[in-house]
Amino acid sequence: MTETPLFTYTLRLADTALILGHRLSEWVGHAPVLEEDLAFGNMGLDLIGQARALYTYAGEVEDRGRDEDQLAYLRDAGEYKNLLLVEQPNGDFAVTMMRQLLYAAYAAPFHGALARSRDATLAAIAAKAEKEMAYHLRHSAEWIIRLGDGTAESHRRAQDALDELTPYAGEMFEVDGIERALIEAGIAVDPATIRPAFERTLDEVLAEATLTRPAGGFSQTGGRSGRHSEHLGYILADLQFLQRAYPGATW
Amino acid sequence: MSEKNWPLWEVFIRTRNGLSHRHVGSVHAVDATMALQAARDVYTRRGEGLSLWVVPSNAITASDPDDKDMLFEPTASKIYRHPTFYEIPDDVGHM
C-alpha cells in the first residue's frame with residue numbers, strides 16, 4: 001500500500017497526540033493531588049481532541065473510507081507513527097512533567113508554524129492546538145522549575161527524568177523524504193525553524209530549575225517510521241481492547 | 001513525597017465583562033503562580049472564566065458565626081431598604 005506524504009504526515013501528528021493524550025489519561029485517579037489529577041485530564045483531553053481532528057482529516061486525505069475510530073483503534077503498533085518520546089512510561093511525577101515539557105517546548109512553536117501552512121485544514125487544527133500547547137508548556141515548565149529547584153529528592157528525580165528522556169528529544173527534529181517534499185510545498189513545518197525556540201525555552205527553564213542538560217549525542221529514532229519501543233504494544237492493548245474484543249461496539 | 005499540606009487559596013472567577021469576580025471554591029497550591037494554574041484546571045473546564053483571582057485563604061478575615069445575630073439580625077426588620085417598592089422598566093434590562 002502506498003501512502004501519500006500528506007496522509008503519513010497527518011497520521012504522525014495524530015498518533016503522537018493520541019499516545020501522549022493516552023499516557024496523561026493514565027494519571028487520572030492516581031495523581032498526587034486533585035488539582036494535578038484534573039490538570040492531567042485537561043491536558044490529555046486537549047491532545048485527544050487534536051488527535052481526533054487530525055485522524056478525521058487523515059481519513060479524508062486517504063479517501064479509503066477510514067474514520068477517526070478506525071485509524072485509532074484498528075491499526076497495530078507497526079503502523080503507528082508517533083514520536084518515541086510520547087510512548088515512554090509515565091514513571092514518577094517528574095518523568096511525566098519532563099516529558100510534557102520536552103514535547104510542549106517543541107509543540108507550541110511547531111503548531112504556531114503549522115498554523116501558517118498552505119493546507120487550510122492543518123492550519124486550522126494547529127491554530128487551536130497552539131494555544132493548548134502553550135498552556136502545557138507553561139504548566140510543565142512551572143512544575144519543572146519547582147521540582148528542580150525544590151528539595152534534594154525532587155531535584156534528583158527531575159534530573160533523572162531529564163537524563164532519561166533527553167535521548168528521545170532529537171527525533172522531533174528529524175526530517176525524512178516524506179516531510180521534505182511537504183516542507184518545500186509550504187504544507188509541513190521545517191523543524192529546523194522552530195529548534196531555536198525549543199532550545200531557548202529549555203535552556204531558560206532548566207537553568208531556573210538548576211538542572212543540567214546532558215551532553216548531546218545519541219538520539220533514539222524510529223517511531224515515526226513505525227519502529228517502536230516495547231511500550232507501545234501495551235498502550236494499544238489497553239487503548240484498543242474494546243474495539244478488538246467487540247468490533248463495531250458503540251455507545 | 002512530603003506529607004505537609006500545601007497552602008489553601010480561594011478562587012474567584014469573572015465570567016463576563018461587566019460582572020464581578022465571584023467566589024467559586026478553593027485549591028491547594030505551593031505558591032500564587034501554581035494556584036492560578038490549579039484554579040484554571042479545576043474551575044474553568046467548561047468555559048466559565050474570562051479572569052481569575054486567587055487569594056491566600058489565610059488573608060481573609062471572616063466574621064465570627066457567633067456574632068451573626070448581632071451583625072445581621074437588625075437588618076431583618078428594615079424591609080424598606082430593599083429596592084422592591086418601584087418597578088424597573090423593561091428597557092433597563094439586567095440590573
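The values are calculated or read from the model by the stated rules, or taken from the named source; none is laboratory data. Quick caveat, the model's predicted, so the values are computed rather than measured. Cβ atoms come from the backbone with ideal geometry, glycine included; neighbour counts cover every protein chain shown.
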> Does B:Gly25 satisfy being free of Cβ contacts under 8 Å to residues at least 60 places away in the same chain, within 14 Å of another protein chain (Cβ to nearest Cβ), over 21 Å from A:Gly150 (Cβ atoms) and loosely packed, with under 10 Cβ neighbours inside 10 Å?
Replying inline: no
Only one of (1) buried (at least 17 other Cβ atoms within 10 Å of the Cβ); (2) away from chain B (no Cβ under 14 Å) does not apply to A:Glu60, and that is (1)
If we ask which residues in the range B:51-95 are within 22 Å of B:Ser20 (Cβ to Cβ) and among the basic types (Lys, Arg), their number turns out to be 1
- request: Confirm whether A:Gly29 is without any contact (Cβ under 8 Å) to a residue 60 or more places away in the chain and surrounded by fewer than 16 Cβ atoms within 10 Å (Cβ to Cβ).
  value: yes
Only one of A:Glu142, A:Glu130, A:Glu179, A:Glu199 is over 29 Å from B:Arg40 (Cα atoms), in a helix (DSSP H, G or I) and at pLDDT 95 or above, namely A:Glu179
Residues in the range A:13-35 that are within 12 Å of chain B (Cβ to nearest Cβ) and in contact with a Phe, Trp or Tyr (Cβ under 8 Å, 6 or more places away or on another chain) total 3
Residue pairs within 9 Å by beta carbon, gap of at least six or interchain, first lying in the range A:151-167 and more than 14 Å from chain B (Cβ to nearest Cβ) and closer than 16 Å to A:Val86 by Cβ, second crowded, with 17+ Cβ neighbours inside 10 Å and modelled with pLDDT under 95, listed first then second, are A:Pro167/A:Gln220
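Let's see how each residue does on (1) modelled with pLDDT of 95 or more; (2) in contact with a strand residue (DSSP E or B) (Cβ under 8 Å, 6 or more places away or on another chain); (3) among the hydroxyl-bearing types (Ser, Thr, Tyr):
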position	(1), (2), (3)
A:Glu3	no, no, no
A:Thr10	yes, no, yes
A:Pro32	no, no, no
A:Gly44	yes, no, no
Checked against (1) part of a helix (DSSP H, G or I); (2) under 30 Å from A:Asp149 (Cα atoms); (3) among the small types (Gly, Ala, Ser), A:Ala192 satisfies every condition except (2)
- Return yes when A:Leu38 is within 13 Å of chain B (Cβ to nearest Cβ), crowded, with 21+ Cβ neighbours inside 10 Å and out of contact with any Cys (no Cβ under 8 Å at 6 or more places or on another chain) and no when it is not. no
Answer with yes or no whether A:Ala181 is buried (at least 17 other Cβ atoms within 10 Å of the Cβ) and of a type outside the set (Lys, Arg). no
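Every residue, every condition in (1) β-branched (Val, Ile, Thr); (2) within 14 Å of chain A (Cβ to nearest Cβ); (3) surrounded by 10 or more Cβ atoms within 10 Å (Cβ to Cβ), yes or no:
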residue	(1), (2), (3)
B:Asn17	no, no, no
B:Val30	yes, yes, yes
B:Thr33	yes, yes, yes
B:Gln37	no, yes, yes
B:Val42	yes, yes, yes
B:Val55	yes, no, yes
B:Asp67	no, no, no
B:Lys78	no, no, no
B:His82	no, no, no
Please indicate, with yes or no, whether at least one residue in the range A:13-24 is surrounded by fewer than 19 Cβ atoms within 10 Å (Cβ to Cβ) and of a type in the set (Ser, Thr, Tyr). no
The residue that is nearest to the other protein chains (Cβ to nearest Cβ), considering only those in the range A:118-140 that are crowded, with 21+ Cβ neighbours inside 10 Å and farther than 15 Å from B:Asp41 by Cβ, is A:Met133
Going through the range A:105-127 in order, the residues found to be assigned to a helix (DSSP H, G or I) and more than 16 Å from A:Ala14 (Cα to Cα) are A:Ala105, A:Pro109, A:Gly112, A:Ala113, A:Ala120
For the range A:195-214, the count of residues that are of a type in the set (Gly, Ala, Ser) and either over 23 Å from A:Gly150 (Cα atoms) or surrounded by 20 or more Cβ atoms within 10 Å (Cβ to Cβ) (or both) equals 2
Residues of the range A:42-86 being in a loop (DSSP other than H, G, I, E, B) and touching a residue at least 24 places away in the same chain (Cβ under 8 Å), in sequence order, are A:Leu74, A:Asp76, A:Tyr80, A:Lys81, A:Asn82, A:Leu83
